[in-house]
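Following: one structure in structure tokens, then a few remarks.
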Amino acid sequence: MGEQDKGLSYRDAGVDIDAGNRLVDLIKPLVKATRRPGADAEIGGFGGVFDPKAAGFSDPLIVATTDGVGTKLKIAIETGQHDTIGIDLVAMCVNDLVVQGAEPLFFLDYFATGKLAPEVGAKIVAGIARGCRESGCALIGGETAEMPGMYAEGDYDLAGFSVGAVERGALLPRPGIGAGDVLIGLASSGVHSNGYSLVRRIVGLSGLGWNDPAPFADRKSLGEALLTPTRLYVKSALSVIRETGKVKALAHITGGGLTENLPRVLPKGTVGRIDLDNLHVPRVFRWLAQVGNVAPDEMLRAFNCGIGMVVVTDAADAEEVMEAFADAGEEVIHLGVIEPGEGAAHVVYDGALNIELPL
């Protein structure tokens with residue numbers, strides 16, 4: 001029988017089931033390594049199962065989040081560095097869980113590409129598994145979609161889904177947030193996973209390539225430095241929440257920066273007053289501001305500018321909470337206070353964002 005007489009196969013249409021099976025084989029040990037009480041972290045079924053009672057919860061509220069990594073993916077794709085982007089995916093979801101006082105229980109991922117490369121997929125999932133281990137949640141499943149014609153060669157997209165639990169009555173933000181409360185900042189690890197459309201535009205203006213030395217990071221290429229993964233705040237935050245009982249609220253500083261994210265946890269009729277002179281702006285943000293000629297107000301809306309999480313606590317408890325976060329491994333900054341205001345909650349700034357300092 002000639003080639004013209006053969007029937008078409010799924011592989012002929014661009015979907016390689018064998019490659020998908022190979023990816024599953026490669027990631028099975030990675031997934032298994034994320035098991036925790038409540039989940040056996042095995043894959044292969046049609047759905048993942050989690051037992052909150054086995055995780056130690058008696059009367060939990062369930063909290064769910066979903067997110068992606070945005071155009072930071074383009075840097076991973078263009079540099080061929082796929083090892084850490086999965087950490088970003090987990091962090092963007094579980095950091096949103098912990099701001100409500102919830103412990104991440106399990107995670108699922110969605111990985112879509114035009115043509116599946118099992119070794120690349122395995123590197124991505126290795127990052128996801130690492131993020132899950134570091135935040136204490138089980139990777140209980142996911143979906144790999146090979147879709148010819150939907151993506152350019154080598155391109156892929158990622159989405160993450162995380163579910164957590166918090167005992168009834170322990171949900172954050174707590175009632176009673178108001179004037180006099182203190183704002184504490186937890187340092188970021190860099191740009192994290194938002195603002196990368198602007199980052200990539202600025203890199204284009206700079207004339208630098210991804211393999212060139214990063215002007216703001218010693219002994220790292222530009223691509224490597226900008227792929228620094230999002231910091232995971234789960235273990236430190238849960239530790240301080242539970243040990244002190246004095247955290248009133250947390251705000252995850254993502255797209256919209258301090259300007260847009262802090263008001264999400266403040267009540268109507270309050271103002272978050274932040275002293276920018278207390279904020280040490282990391283070199284990466286100074287470089288972005290200087291090369292892109294980005295105004296301070298825009299920097300504070302587009303980027304975290306060095307603060308990945310904000311903690312709200314009573315003034316009388318601020319020192320204890322700051323010490324507890326420092327003991328948990330966080331770099332802690334006194335950001336400001338909450339004051340009375342009018343209308344919707346918002347942020348006001350004192351001092352200046354130090355983006356003109358030399359690199």
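The values are calculated or read from the model by the stated rules, or taken from the named source; none is laboratory data. Please read all numbers here as calculations on a predicted model, not as lab measurements. All Cβ positions, even for glycine, are placed from backbone atoms using ideal geometry, and neighbour counts span all protein chains on display. Ligands, DNA and RNA are excluded from the accessible area calculation, which covers all protein heavy atoms including side chains. Shrake-Rupley method; radii C 1.70, N 1.55, O 1.52, S 1.80 Å.
Okay, residues lined up against (1) over 18 Å from residue 159 (Cα atoms); (2) more than 13 Å from the chain's Cα centre (by Cα):
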{"site": "39", "(1), (2)": "yes, yes"}
{"site": "48", "(1), (2)": "no, yes"}
{"site": "75", "(1), (2)": "no, yes"}
{"site": "128", "(1), (2)": "no, no"}
{"site": "137", "(1), (2)": "no, yes"}
**Request:** From the list 97, 139, 89, pick out the single residue that is under 25 Å from residue 188 (Cα atoms) and modelled with pLDDT under 95.
**Result:** 139
**Hits in region 316-359 (condition: within 23 Å of the chain's Cα centre (by Cα), within 26 Å of residue 302 (Cβ to Cβ) and open to solvent by 70 Å² or more (accessible area, probe 1.4 Å))** = 331, 334
**Message:** Taking the condition of being touching a helix residue (DSSP H, G or I) at 6+ places or on another chain (Cβ under 7 Å), open to solvent by 50 Å² or more (accessible area, probe 1.4 Å) and of a type outside the set (Val, Ile, Thr), how many residues in region 286-315 meet it?
**Reply:** 1
**Message:** Quick check on my filter: what residues within region 302-315 are assigned to a helix (DSSP H, G or I) and either under 27 Å from residue 198 (Cα atoms) or within 20 Å of the chain's Cα centre (by Cα) (or both)?
**Reply:** 302
**Message:** open to solvent by 60 Å² or more (accessible area, probe 1.4 Å) and out of contact with any strand residue (DSSP E or B) (no Cβ under 6 Å at 6 or more places or on another chain): which single residue out of 174, 168 fits that description?
**Reply:** 174
**Message:** Show me the strands (runs of 3 or more DSSP E) found entirely inside region 45-155 where at least 3 residues are without any contact (Cβ under 8 Å) to a residue 12 or more places away in the chain and more than 30 Å from residue 18 (Cβ to Cβ).
**Reply:** none
**Asked** Hey, residue 161 hits all of (1) of a type in the set (A, V, I, L, M, F, W, C); (2) out of contact with any helix residue (DSSP H, G or I) (no Cβ under 6 Å at 6 or more places or on another chain); (3) part of a loop (DSSP other than H, G, I, E, B) but one; which does it fall short on?
**Response** (3)
**Odd one out for residue 295, checked against (1) over 20 Å from residue 93 (Cα atoms); (2) in contact (Cβ under 8 Å) with a residue 40 or more places away in the chain** = (2)
**Request:** Taking the options 320, 330, 339, name whichever one is part of a strand (DSSP E or B) and touching a residue at least 24 places away in the same chain (Cβ under 8 Å).
**Result:** 339
**Prompt:** For residue 185, all conditions in the list (1) out of contact with any His (no Cβ under 9 Å at 6 or more places or on another chain); (2) assigned to a strand (DSSP E or B); (3) not acidic (Asp, Glu) hold save one; what is the number of the exception?
**Reply:** (1)
